[in-house]
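> Got a structure here, written out as structure tokens. Questions coming.
The values are calculated or read from the model by the stated rules, or taken from the named source; none is laboratory data. Just so we're clear, the structure is a prediction, and the values are computed from it rather than from any experiment. No Cβ is skipped: glycine too gets one built from the backbone with ideal geometry, and neighbour counts run over all protein chains shown.
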Amino acid sequence: MIESGGGHIVNISSLAGKNALPNGAAYAASKWGLNGLSYSVAEELRGKNIRVAVVCPGSVDTDLSPHEGKNKSKMLQPEDVAHAVEALVTQAPQSFMSEILLRPTQKP
């Protein structure tokens, strides 16, 4: 990316990387670490025309995480996360969104 003159790095984290997650300490810690890495690398690469951002979604309805007891119709969909990534990589050149917190409109 440096040689090609720039680009985007988008890491997918979780709201668990912003808020405590009961009974999920290892998962939350890994997401806090990913967020910290993203923010630090963003500053390191900012002058090289490389934007580094992190998307922190809440509960997303995927086969990888069943989210027992949650109403799937109220959960975020993978397309919602993709839309956030699209917003990051299509923003105007004079701006820099470094983080998106993505929540469903209703609690699942």
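> Being in contact (Cβ under 8 Å) with a residue 12 or more places away in the chain, in a loop (DSSP other than H, G, I, E, B) and surrounded by fewer than 15 Cβ atoms within 10 Å (Cβ to Cβ) is the filter here, so list the residues in segment 1-15 that pass it.
First, pick out the residues of segment 1-15 that are in contact (Cβ under 8 Å) with a residue 12 or more places away in the chain: 1-2, 5-15.
Now narrow it down to the ones that are in a loop (DSSP other than H, G, I, E, B): 1-2, 5-6, 13-14.
Scanning segment 1-15 gives 1, 2, 5, 6.
> Could you look through segment 71-108, keep only residues that are surrounded by 13 or more Cβ atoms within 10 Å (Cβ to Cβ) and among the acidic types (Asp, Glu), and pick out the one that is farthest from residue 57 (Cα to Cα)?
Looking at the filtered set, the residue picked out is 99.
> Continuing with this model, one more query. Which numbered condition trips up residue 43, out of (1) of a type in the set (Asp, Glu); (2) modelled with pLDDT of 95 or more; (3) in a loop (DSSP other than H, G, I, E, B)?
Condition not satisfied by residue 43: (3).
> What number of residues within segment 16-66 are in contact with a Pro (Cβ under 7 Å, 6 or more places away or on another chain) and surrounded by 14 or more Cβ atoms within 10 Å (Cβ to Cβ)? It would help to see each step written out before you state the result.
Step one: list which residues in segment 16-66 are in contact with a Pro (Cβ under 7 Å, 6 or more places away or on another chain), which gives 58-60, 62.
When the remaining residues are screened for being surrounded by 14 or more Cβ atoms within 10 Å (Cβ to Cβ), the result is 58-60.
Summing the residues that are in contact with a Pro (Cβ under 7 Å, 6 or more places away or on another chain) and surrounded by 14 or more Cβ atoms within 10 Å (Cβ to Cβ) in segment 16-66 gives 3.
> Step by step: first the residues of segment 81-108, then only those that are assigned to a helix (DSSP H, G or I) and over 11 Å from the mean Cα position of the chain (by Cα), then the one that is nearest to residue 41 (Cα to Cα). Which residue is that? Before the answer, list the steps.
Filtering segment 81-108 for residues assigned to a helix (DSSP H, G or I) gives 81-89.
Going one step further and asking which of them are over 11 Å from the mean Cα position of the chain (by Cα), we end up with 83, 86-87, 89.
Values: 83: 23, 86: 20, 87: 20, 89: 17 Å.
This residue is 89.
> Give the residue, chosen from 60, 85, 81, 52, that is touching a strand residue (DSSP E or B) at 6+ places or on another chain (Cβ under 8 Å) and more than 19 Å from residue 8 (Cβ to Cβ).
After applying the criteria, what remains is 60.
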